[in-house]
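What follows is a set of notes on a single structure, which appears directly below.
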Amino acid sequence: MYNFGAWLVFVGIIFLLVSAYLNYETIKKRKLLEKAKRGPRVVVIGGGTGQSIFLRGLKKFTNNITAVVTVADDGGGSGVLREDLGMLPPGDIRNCILALANMEPTMEKIMQYRFEEGKLEGQSFGNLFLAAMNGIYGNLEIAVSKISDIFALTGKVYPVTTEDINLIAQLKNGNIVRGESAIPEEVKNQDTKIDRIHLEPSKPKPLQGVLDAIENADIIVMGPGSLYTSIIPNLIVDGVSDKIIKSNALKVYISNIMTQPGETDNYNVCDHINSILKHTKDGIIDLVIANNERINNDDLVKYEKDGSNQVLIDKDQIKQLNSMNISVIQTNLVEIRKKYIRHNSEKIGSIIVGLTRKTNCSCLIKNILNKFNS
């Protein structure tokens with residue numbers, strides 16, 4: 001057990017010193033943001049690395065972003081804080097805050113710093129800071145709101161719920177696995193697949209801010225991110241999927257580029273969509289943005305050794321999705337940095353914002369399809 005009381009005091013003191021040092025530049029940037037045109041209202045639903053990478057690209061095209069983040073994580077540093085302090089896991093929330101923040105590079109390095117030894121080994125400063133703010137305000141929603149003001153966020157970040165939830169997976173072999181971090185490993189160990197996931201408790205209440213953002217959105221984006229442990233957990237929080245379906249906004253799913261071992265082995269784009277529909281209802285997705293670019297074999301070696309393969313769209317899948325009243329944009333979504341395969345967040349951000357520029361969505365989608373599918 002960590003002596004978190006002393007550490008949180010230490011974290012608070014360090015942060016206040018650094019914050020005071022950088023405060024002048026932060027205020028200037030905040031004023032510039034306030035003057036900037038806010039742009040279309042985009043709600044991004046997900047979690048994990050995929051969501052935060054996408055947000056970094058999206059904020060270059062609109063200042064009006066709401067990130068809705070899953071809070072079912074129970075592994076790593078977030079899991080330790082969740083167990084010891086009884087707080088919601090801060091890791092994915094921290095990454096989204098930093099993705100949307102307008103801060104000096106020094107401050108971002110501090111927030112991302114991970115301790116390399118001692119009882120805090122592996123824990124990030126940003127997680128501890130969120131824990132300290134949660135302790136001060138007694139509520140993660142308020143803590144995130146205060147941090148958003150400090151860092152002049154380009155938008156808002158909301159945990160999908162403030163209830164203590166756990167992820168439960170029902171496997172195709174009939175077995176049950178409890179805990180987000182245990183699910184992929186057990187799927188691999190038992191050589192099976194995920195049939196369905198549930199939350200415990202079964203009907204956690206979503207934040208009102210999440211529901212309001214969905215209702216007022218110009219476009220709602222699901223993904224990119226882990227299908228069963230990042231995206232679907234948000235959609236099965238009580239009332240969220242119904243609110244999305246009822247919204248007049250265009251509903252978009254951004255497909256993953258690679259499968260995730262222990263979650264989506266051998267899945268294609270249609271398999272991802274069918275799983276979302278299995279957990280929700282028809283009408284939750286209007287449009288899919290999917291990758292059609294084959295990645296060089298040399299860049300795939302590491303991923304294939306880990307059991308991960310490309311998720312590629314093709315004509316048969318497009319035909320199947322169209323029969324489900326789901327349109328498709330197929331294009332090259334791949335960006336490779338330091339041998340890591342990731343989404344080209346600026347390209348996707350440009351596509352997403354472009355989808356909101358005309359009110360006649362059917363005409364707009366037709367034009368975009370002609371552009372990308374030709």
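The values are calculated or read from the model by the stated rules, or taken from the named source; none is laboratory data. Because the structure is a prediction, the values reported are computed rather than measured. With ideal geometry, Cβ positions are generated from the backbone for all residues, glycine too; neighbour counts draw on all protein chains shown.
From the list LEU227, LEU211, the one residue that fits, being touching a helix residue (DSSP H, G or I) at 6+ places or on another chain (Cβ under 7 Å), crowded, with 21+ Cβ neighbours inside 10 Å and under 21 Å from ASP282 (Cα atoms), is LEU227.
Quick one: what pairs do we get from the range 110-138, first residue part of a loop (DSSP other than H, G, I, E, B), second of a type in the set (Lys, Arg), C-beta under 9 Å, 6+ apart or different chains? So the pair list comes out as GLU121/ARG114; GLY122/ARG114; GLN123/ARG114. Is it the case that LEU128 is outside the structural domain of SER181 (by TED's automatic domain parsing) and surrounded by 22 or more Cβ atoms within 10 Å (Cβ to Cβ)? Against the criterion (outside the structural domain of SER181 (by TED's automatic domain parsing) and surrounded by 22 or more Cβ atoms within 10 Å (Cβ to Cβ)), LEU128 qualifies.
If you filter the range 85-120 down to residues that are modelled with pLDDT of 85 or more and among the small types (Gly, Ala, Ser), you find that the one that is nearest to PRO204 (Cα to Cα) is GLY91. Yes or no: the range 317-326 includes at least one residue that is touching a helix residue (DSSP H, G or I) at 6+ places or on another chain (Cβ under 8 Å) and modelled with pLDDT under 90. The answer is no; no qualifying residue exists.
Within the range 56-67, no residue that is assigned by TED's automatic domain parsing to the domain that holds ASN102 sits with its Cβ atom under 9 Å from a residue that is surrounded by fewer than 19 Cβ atoms within 10 Å (Cβ to Cβ) at 6+ positions apart or across chains. Looking across the range 166-197, the residues that are among the aliphatic types (A, V, I, L, M), surrounded by 18 or more Cβ atoms within 10 Å (Cβ to Cβ) and out of contact with any helix residue (DSSP H, G or I) (no Cβ under 8 Å at 6 or more places or on another chain) come down to ILE168, VAL187. Filtered by the rule that a residue be modelled with pLDDT of 95 or more and not aliphatic (A, V, I, L, M), the range 304-313 gives SER308, ASN309, GLN310.
Out of the residues in the range 230-256 meeting the condition of being of a type in the set (Gly, Ala, Ser) and in a loop (DSSP other than H, G, I, E, B), tell me which one is surrounded by the most Cβ atoms within 10 Å (Cβ to Cβ). Spell out the reasoning first.
In the first step, residues of the range 230-256 are kept if they are of a type in the set (Gly, Ala, Ser); the result is 230, 239, 241, 247, 249, 255.
So of that shortlist, the ones also in a loop (DSSP other than H, G, I, E, B) come out as 239, 247, 249, 255.
Working: GLY239: 14, SER247: 20, ALA249: 22, SER255: 25.
Among those residues, the one meeting the criterion is SER255.
Reported count of residues in the range 41-93, each being surrounded by fewer than 21 Cβ atoms within 10 Å (Cβ to Cβ), in contact with a helix residue (DSSP H, G or I) (Cβ under 9 Å, 6 or more places away or on another chain) and of a type in the set (Asp, Glu), is 2. Considering only residues of the range 146-165 that are over 24 Å from ILE236 (Cβ atoms) and more than 18 Å from the chain's Cα centre (by Cα), which is surrounded by the fewest Cβ atoms within 10 Å (Cβ to Cβ)? Only one residue tops the list, namely ASP149.
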